[in-house]
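This report concerns only the one structure given below.
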Amino acid sequence: MKKFQTLAVAGAAALALSAPASAEYLYGFGSVSVNYLDWTDKTIDRNTIDGNKTKTDFLFLEAEGGAGFTWGDVYGFIDLENPFAGSDKSNSGDATRVAIKGTMGINTGIENVQFYAQNYSIMDSSGFYENNQVYGVRYNIFTESGFWMKPFIGVHYAANNFGFADWNGGMAGYVLGYDFKIGSQKFSVSQWHETEFARDDAYGENGVHESNTGHNGAVALWWHLPNNVTTGLQYRYADAKLGNAAYQDGLIYTVKYNF
């Protein structure tokens with residue numbers, strides 16, 4: 001299983017950060033950011049077991065990027081969570097974690113329709129890990145108003161250190177965005193959302209994913225400042241996901257530099 005996890009993480013990084021040299025490059029973007037996730041008190045309470053807080057507020061550093069080519073597009077990020085955590089941790093939520101996500105859309109020849117693949121992996125210093133893969137199709141929507149949306153649906157594979165490694169129903173979701181101005185100031189709103197459905201009963205045997213359906217996502221407001229700097233406020237939410245059957249939410253404060 002550890003070998004599978006290592007391969008999954010390596011694959012996600014390669015998927016997000018590389019592209020065939022023979023493909024025509026169309027566009028690209030990248031950023032580095034400092035972020036702080038402030039969970040609500042009720043979320044922390046719902047993730048406290050016998051005094052052990054499995055979720056705590058944390059700082060994380062992120063590098064992300066994407067690119068478009070004549071054959072399709074790639075996107076990915078890598079997060080380092082709790083990077084300055086010491087060795088003496090009173091709560092398991094204080095562990096240092098690494099999360100990596102990569103997505104790829106391959107043009108089908110049908111306008112706006114792509115074959116879609118997604119790989120997300122997270123692991124921490126306590127030995128926890130989970131890998132989620134999605135294989136399906138995506139539809140790309142772009143408008144002249146500045147609104148865009150990319151919905152997808154596919155089959156879902158999951159593996160974790162609790163002993164589950166199997167196909168796990170399906171996943172549907174989307175990313176969307178809208179750019180606008182207030183006076184001379186540039187802003188944008190964005191959202192990503194994922195719904196897992198028809199999950200395997202065995203996936204919830206550890207008692208934290210009792211529902212066969214789970215939701216996960218974030219809604220963000222971004223303020224694009226001069227000199228390639230962006231600040232943002234994100235509302236982070238999850239339901240029957242992230243290791244808990246209850247609803248969980250918090251705010252993420254972000255400052256990023258765009259390349």
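Got a sec? Charge dipole of the chain, +1 on Cβ for Lys and Arg, -1 for Asp and Glu; which of Asn82, Gln114, Ala23 is way out at the positive end? Projecting each Cα onto the dipole axis, the largest value belongs to Ala23. Please identify the GluC sites (Glu not before Pro) of the range 121-229 that satisfy two criteria: DSSP loop assignment and at most 16 other Cβ atoms within 10 Å. Which are they? Hits after loop and neighbour filter: Glu144, Glu205, Glu210. Net charge in the neighbourhood of Leu251 (other residues with Cβ under 15 Å of its Cβ; Lys, Arg +1, Asp, Glu -1) is -1. Each Lys and Arg Cβ is given +1 and each Asp and Glu Cβ -1; about its Cα centre, the range 2-258 then shows a dipole of about 400 debye. Counting neighbouring Cβ atoms within 10 Å and putting the fewest first, the residues Phe152, Phe115 line up as Phe115, Phe152.
Among the chymotrypsin sites (Phe, Trp or Tyr not before Pro) within the range 45-74, which fall in a DSSP loop and have no more than 11 other Cβ atoms within 10 Å of their own Cβ? Please report the intermediate quantities before stating the final value.
Working: sites: Phe58, Phe60, Phe69, Trp71; in loops: Trp71.
Taking the range 45-74 and a limit of 11 other Cβ atoms within 10 Å, no loop chymotrypsin sites (Phe, Trp or Tyr not before Pro) are found.
Taking every C-alpha pair closer than 8 Å and separated by at least 6 residues, the mean separation divided by the residue count of the chain gives a relative contact order of 15 percent. The string of couplings for the range 57-68 from the Karplus curve (6.51, -1.76, 1.60, θ = phi - 60°) is 4, 7, 8, 9, 9, 9, 10, 9, x, x, 7, x Hz, one whole number per residue in order, with x for Gly and Pro. So I have (i) 55; (ii) 59; (iii) 66, and one of them is percent of Cα pairs over 22 Å apart calculated from this model. Which one is it? Structure-derived value, by its label: (ii).
Annotation: extensible slack from Val255 through Ala172 equals 27.0 nm (criterion: 0.36 nm per residue apart, minus Cα-Cα distance). Using a cut-off of 22 Å between Cα atoms, the listed pairs Lys186/Lys241; Lys101/Lys241; Lys101/Lys186; Lys101/Lys150; Lys89/Lys256; Lys181/Lys256 include Lys186/Lys241; Lys101/Lys186; Lys89/Lys256 as exceeding that distance. Per-residue 3J(HN,Hα) values for the range 232-238, derived from phi via the Karplus relation 6.51 cos²θ - 1.76 cosθ + 1.60 with θ = phi - 60°, read x, 10, 10, 9, 9, 9, 7 Hz in sequence order (x marks Gly and Pro). Taking Cα centre as origin and charging only the Cβ of basic (Lys, Arg, +1) and acidic (Asp, Glu, -1) residues, the dipole magnitude of the range 134-241 rounds to 600 debye. Taking the Cα centre of the range 63-175 as reference, the dipole from Cβ charges on Lys and Arg (+1) and Asp and Glu (-1) amounts to some 180 debye.
Bear in mind these aren't lab numbers, they're just calculated from the coordinates by the rules spelled out. Because the structure is predicted, anything quoted here is derived from the model rather than measured. Note that each Cβ is placed from the backbone with ideal geometry, even for glycine, and that neighbours are counted across all protein chains shown.
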